[in-house]
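Note sheet for the following structure.
The values are calculated or read from the model by the stated rules, or taken from the named source; none is laboratory data. Note that the structure is predicted; figures quoted are calculated from it, not measured. Every residue, glycine among them, receives a Cβ derived from its backbone with ideal geometry; neighbour counts consider all protein chains shown.
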Amino acid sequence: LSKKHVAAICYEITPLNFEGEIRIYSALNGDVQNLQAEKDPRVGSHLKGRVLDIIDKKINEEGGAFLQRTKNTGFLLACAMSNQLEYPAFSVSTFSEELLIGTNFTFPAKKGETIKFYKYLAYLTCKKNGDHLSGKAEKVVVDAYKAGWSQLFQEQKALMAEFWEHADIEVKGDQVVQQGLRFNAFHLLQSVGRDGQTNIAAKGLTGEGYEGHYFWDT
């Protein structure tokens, strides 16, 4: 949330009982489909199959990007990724399929040695004019890569500390209720629109129901 378009993942790999070749596959998958629940919109989607068409894609050793369009509304979504492997010697190759792009990293691992792999992602959306949306997503992910995992983590940590300083809830004698209220507060932090155009998502992070809709009573 400190950078609303950015996601970052840090993997740590430590061979415990072997030495040998390790391969990491880092990909963007354009074939993701929603959970279907035609009879209950609170649970899942009534739409069948893929709801996003891929209209452009690119991949190289530094990363890759998809530009997609929703089938019904024509909204655009750009997703870009960049990868970083902390290891002195490794080989890199790329792969590209109709609905899948990615990068392979291969390196000789040593027993007991920890290897770190970072994946940076950027998501941008547009309702109308999507000129250069994919390029903008690529720039955002490059900036995230340059900032690095540690800086992104510290920025997010500071934001969350400030949030809980003002929004924490304590319920003495009932840890279950306290956890539930804190969980709800976190969902509000994650799900509330802040651009003057979007509201509070009906489900937020709790599931695929309502398909991202928000309602008059929020």
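Within the option set Thr125, Thr103, being farther than 20 Å from Ile24 by Cβ and assigned to a strand (DSSP E or B) holds for one residue only, Thr125. I'd like to check something: does segment 132-142 contain any residue that is free of Cβ contacts under 8 Å to residues at least 40 places away in the same chain and within 30 Å of Thr14 (Cβ to Cβ)? Among the residues of segment 132-142, not one is free of Cβ contacts under 8 Å to residues at least 40 places away in the same chain and within 30 Å of Thr14 (Cβ to Cβ), which makes the answer no.
Summed over segment 204-214, residues that are free of Cβ contacts under 8 Å to residues at least 60 places away in the same chain and not aromatic (Phe, Trp, Tyr) total 5.
With respect to the conditions (1) touching an Asp or Glu at 6+ places or on another chain (Cβ under 7 Å); (2) modelled with pLDDT of 95 or more; (3) of a type outside the set (D, E, K, R); (4) under 30 Å from Tyr210 (Cβ atoms), Leu121 lacks only one, and its number is (1). When only residues in segment 67-92 that are more than 15 Å from Leu28 (Cα to Cα) and small (Gly, Ala, Ser) count, which is surrounded by the fewest Cβ atoms within 10 Å (Cβ to Cβ)? Per the criteria, the residue is Ala89. Only one of the numbered conditions (1) assigned to a helix (DSSP H, G or I); (2) at pLDDT 95 or above is violated by Ser134, and that is (2).
For (1) hydrophobic (A, V, I, L, M, F, W, C); (2) more than 17 Å from Leu121 (Cα to Cα), each residue gets a yes or a no:
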| site | (1), (2) |
| --- | --- |
| Cys10 | yes, no |
| Ile24 | yes, no |
| Gly30 | no, no |
| Gln68 | no, no |
| Pro88 | no, yes |
| Ser91 | no, yes |
| Leu99 | yes, yes |
| Asn104 | no, no |
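Considering (1) in a helix (DSSP H, G or I); (2) surrounded by 15 or more Cβ atoms within 10 Å (Cβ to Cβ); (3) touching a strand residue (DSSP E or B) at 6+ places or on another chain (Cβ under 8 Å), the lone condition that Lys119 does not fulfil carries the number (1).
For Leu152, the conditions (1) assigned to a helix (DSSP H, G or I); (2) surrounded by 15 or more Cβ atoms within 10 Å (Cβ to Cβ); (3) assigned by TED's automatic domain parsing to the domain that holds Asn72 all hold with the exception of (3).
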